[in-house]
Amino acid sequence: MTKKSFISVISHEEKEANRGSVEFQVLCFTNKIRRLTLHLQLHKKDYSSQRGLRKILGKRQRLLAYLSKKDGIRYKELISQLNIRKIKTR
């Protein structure tokens with residue numbers, strides 16, 4: 001597995017200034033999710049990594065739910081930039 005940056009949607013200057021923003025946190029979680037997904041394709045019985053992946057997915061889902069309630073426009077832009085599905089509404 002090669003180590004590469006999966007997504008660089010946010011420029012380097014914005015990363016330094018907005019590390020606490022919801023968009024940056026979702027970006028970091030998305031990178032972790034994609035890296036863990038590749039890892040689990042090679043190591044199918046790594047249950048600790050599976051648990052970590054589920055926890056990160058839940059955190060990202062909660063952040064996306066928060067963002068969709070607070071600012072729908074930023075949510076839609078982020079979804080389209082990161083190429084991830086919309087969250088399920090109950």
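Details
- Screening I84, I73 for residues that are under 16 Å from the mean Cα position of the chain (by Cα) and either in contact (Cβ under 8 Å) with a residue 24 or more places away in the chain or open to solvent by 80 Å² or more (accessible area, probe 1.4 Å) (or both) leaves exactly one candidate, I84.
- The number of residues in region 33-58 that are under 11 Å from the mean Cα position of the chain (by Cα) and open to solvent by 90 Å² or more (accessible area, probe 1.4 Å) comes to 1.
The values are calculated or read from the model by the stated rules, or taken from the named source; none is laboratory data. Source: prediction; values computed, not measured. Counting neighbours? That spans all protein chains shown, and the Cβs are built from the backbone with ideal geometry, glycine included. Surface areas here come from the heavy atoms of the whole protein model, side chains and all, with no ligands, DNA or RNA. Shrake-Rupley method; radii C 1.70, N 1.55, O 1.52, S 1.80 Å.
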